[in-house]
Amino acid sequence: MHRLPPHTKLAAVFAFVLIVVSTPREAVWAFGLYAVLLAAVARAARVPAGFLLKRLLIEVPFVAFAVLMPFVAEGERVEVLGASLSVGGLWGAWNVLAKGTLGVAASVLLAATTELRALLLGLERLKLPRCWCRSPPS
């Protein structure tokens, strides 16, 4: 993984995220497959699980939002352990958690296997516009 060209890794992560986002939330089995695929990539790249899990903490605000969704969303309700939860909110929470976690994990794996300079060169190779951090050239 570490030796793949950066533009190839960028394109693969972009395609992966597009596929994950376009997967219907009801296709739970597909998200399981995506997670297994990411685990295989992490293993092949020798990225420790602890390293990956620590970096996944960046999505805690999204997790907090997802936890609240079943309580505040409108629509059909279901009782779970004495709490009235929205069915749509449960599906929405699942959608945010599954897609967000997979996207963040793919990005963390990309960052763990590619130096920043190589990522920038990969973006150039893919013909993306340069990032002018200070000011555009005159």
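The values are calculated or read from the model by the stated rules, or taken from the named source; none is laboratory data. Bear in mind the structure is a predicted one, so any value in this text is a computation, not a measurement. All Cβ positions, even for glycine, are placed from backbone atoms using ideal geometry, and neighbour counts span all protein chains on display. Heads up: the accessible areas ignore ligands, DNA and RNA and are worked out on the full protein's heavy atoms, side chains in. Shrake-Rupley method; radii C 1.70, N 1.55, O 1.52, S 1.80 Å.
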- Filter result for residue 63 (modelled with pLDDT of 95 or more and closer than 30 Å to residue 9 by Cα): no
- Identify, by number, the condition in (1) outside any helix (DSSP H, G or I); (2) crowded, with 16+ Cβ neighbours inside 10 Å that residue 130 doesn't meet. (2)
- Message: With the structure loaded, tell me whether residue 123 is open to solvent by less than 70 Å² (accessible area, probe 1.4 Å), of a type in the set (A, V, I, L, M) and modelled with pLDDT of 95 or more or whether it fails that test.
- Response: no
- Query: Which one is most open to solvent (accessible area, probe 1.4 Å), of the residues in the stretch 56-109 that are touching a Gly at 6+ places or on another chain (Cβ under 6 Å) and assigned to a helix (DSSP H, G or I)?
  - Reply: 62
- Say we look at the stretch 1-46 and pick out the residues that are of a type in the set (Gly, Ala, Ser) and touching a residue at least 40 places away in the same chain (Cβ under 8 Å); which of these is most open to solvent (accessible area, probe 1.4 Å)? 44
